[in-house]
Amino acid sequence: MIKRENLRKTSICGIINVTPDSFSDGGQFFAIEEALKQARKLIAEGATILDIGGESTRPGSSYVEIEEEIQRVVPVIKAIRQESDVLISVDTWKSQVAEAALKAGAHIVNDITGLMGDEKMAEVVARAGAQVVIMFNPVMARPQHPSSLIFPHFGFNQAFTEEELADFEKMTIEELMEDFFDRALARANQAGIAQENIMLDPGIGFGLTKKENLLLLRDLDKLHQKGYPIFLGVSRKRFVINILEENGFEVNPDTEAGFRNRDIASAHVTSIAARQGVKVVRVHDVASHKMAVEIASAIRLADHAENLDLKQYK
């Protein structure tokens with residue numbers, strides 16, 4: 001019997017970065033009114049979730065103090081909530097920021113440290129009865145890996161012992177993700193987070209090599225076997241841009257073609273993800289990803305399509 005959940009189209013989560021140094025929008029939506037204007041646009045284009053982030057996690061970014069991050073995200077969440085009942089996710093690994101955001105009207109905590117960066121995060125999520133995105137964070141599991149060294153430090157303390165880190169270095173990326181999720185899910189279970197409130201994110205782009213990114217995307221079906229919905233963020237990730245560049249496509253974001261090509265390529269990945277039944281894709285350009293979701297979801301749900309004759313072209 002097919003679960004009702006598996007009959008749903010992939011949902012689109014639109015990104016609103018209220019940071020002055022975001023890798024994707026360069027702080028364009030730092031002001032509340034601009035963020036609100038962007039929220040309206042994303043919702044109109046088909047986003048059913050908005051992900052609000054007040055701290056950039058791109059390579060070379062800097063730590064944002066808790067109070068500063070709260071001041072960035074909470075006014076935006078409140079402004080959106082005043083005029084829309086759209087689902088809101090807060091992109092933070094800090095429990096105090098999450099707690100303030102949930103009180104302001106957010107429904108989901110998108111934790112890039114997978115509950116490992118702040119020991120109080122799981123408790124905050126459980127107490128609020130909120131949903132949580134637990135992301136696999138290779139940067140935390142392999143801090144000395146060449147692909148991790150360009151990223152900022154995530155978490156208040158070192159999440160793993162030196163012995164554990166040494167063991168991680170011997171694992172394949174699939175084994176490492178499995179181990180990381182087992183630990184994170186144990187923490188979620190201990191705190192009392194309901195299983196139906198958990199989504200898993202394979203952490204594409206965070207301290208992974210090009211091959212590792214591709215392997216995790218290719219094998220999303222294996223992640224599905226853990227029994228949790230998948231939340232996937234690949235929009236404008238560097239490895240996607242790298243593939244385009246290697247194959248002669250324009251990728252300079254200062255040109256119209258280069259900027260557009262990044263979203264077209266990202267939408268192709270979304271199409272693959274939607275075809276595999278990913279629950280949520282986190283994107284910048286909702287319009288192009290909406291098209292990808294509709295086509296891929298129609299193919300995935302072909303058995304349930306109406307058997308109608310197509311209209312003739314005129």
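The values are calculated or read from the model by the stated rules, or taken from the named source; none is laboratory data. Bear in mind that the values here come from a model prediction, so they are computed numbers and not experimental data. Here Cβ is always computed from backbone atoms with ideal geometry, including for glycine, and neighbour counts include all displayed protein chains.
Residues are listed down the side, and each one gets a yes or a no for (1) assigned to a loop (DSSP other than H, G, I, E, B); (2) within 18 Å of the chain's Cα centre (by Cα); (3) surrounded by fewer than 16 Cβ atoms within 10 Å (Cβ to Cβ); (4) acidic (Asp, Glu):
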{"residue": "Asp221", "(1), (2), (3), (4)": "no, yes, yes, yes"}
{"residue": "Ser235", "(1), (2), (3), (4)": "yes, yes, no, no"}
{"residue": "Ile241", "(1), (2), (3), (4)": "no, yes, no, no"}
{"residue": "Arg262", "(1), (2), (3), (4)": "no, yes, no, no"}
{"residue": "Val269", "(1), (2), (3), (4)": "no, yes, no, no"}
{"residue": "Ala274", "(1), (2), (3), (4)": "no, yes, no, no"}
{"residue": "Val281", "(1), (2), (3), (4)": "no, yes, no, no"}
{"residue": "Ser297", "(1), (2), (3), (4)": "no, no, no, no"}
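Counting only residues that are closer than 17 Å to Ser11 by Cβ and either touching a residue at least 60 places away in the same chain (Cβ under 8 Å) or crowded, with 20+ Cβ neighbours inside 10 Å (or both), how many does region 299-314 have?
Count: 1.
Could you please give the count of residues in region 129-146 that are among the small types (Gly, Ala, Ser) and crowded, with 19+ Cβ neighbours inside 10 Å?
2
Here's a check for you: in region 299-314, which residue that is in a helix (DSSP H, G or I) and of a type in the set (D, E, K, R) is nearest to Ile52 (Cα to Cα)?
That would be Arg300.
Please find, among Ile52, Ile88, Ile108, the residue that is touching a Ser or Thr at 6+ places or on another chain (Cβ under 6 Å) and buried (at least 24 other Cβ atoms within 10 Å of the Cβ). Before the answer, list the steps.
On the way: Ile52 fails: touching a Ser or Thr at 6+ places or on another chain (Cβ under 6 Å); Ile88 fails: touching a Ser or Thr at 6+ places or on another chain (Cβ under 6 Å).
Answer to the check: Ile108.
Applying the selection to region 39-64, what residues are at pLDDT 95 or above and charged (D, E, K, R)?
Arg40, Lys41, Glu45, Asp51
Given Val64, Val109, which one is touching a helix residue (DSSP H, G or I) at 6+ places or on another chain (Cβ under 6 Å) and not polar (S, T, N, Q)?
Val109
Of (1) surrounded by fewer than 24 Cβ atoms within 10 Å (Cβ to Cβ); (2) farther than 27 Å from Pro59 by Cα, Lys120 satisfies all except one. Which?
(2)
Keeping to region 196-215, report how many residues are over 13 Å from Val240 (Cβ atoms) and not aromatic (Phe, Trp, Tyr). I'd like the intermediate steps shown before the answer.
Narrowing region 196-215 to residues over 13 Å from Val240 (Cβ atoms): 196-203, 206-207, 209, 211-212, 215.
Next cut, not aromatic (Phe, Trp, Tyr) only: 196-203, 207, 209, 211-212, 215.
Total meeting the criteria: 13.
Determine whether Ala257 is over 24 Å from Leu220 (Cβ atoms) and at pLDDT 95 or above.
yes
Which numbered condition trips up Phe168, out of (1) surrounded by 15 or more Cβ atoms within 10 Å (Cβ to Cβ); (2) closer than 22 Å to Lys94 by Cβ; (3) at pLDDT 95 or above?
It is condition (2) that Phe168 fails.
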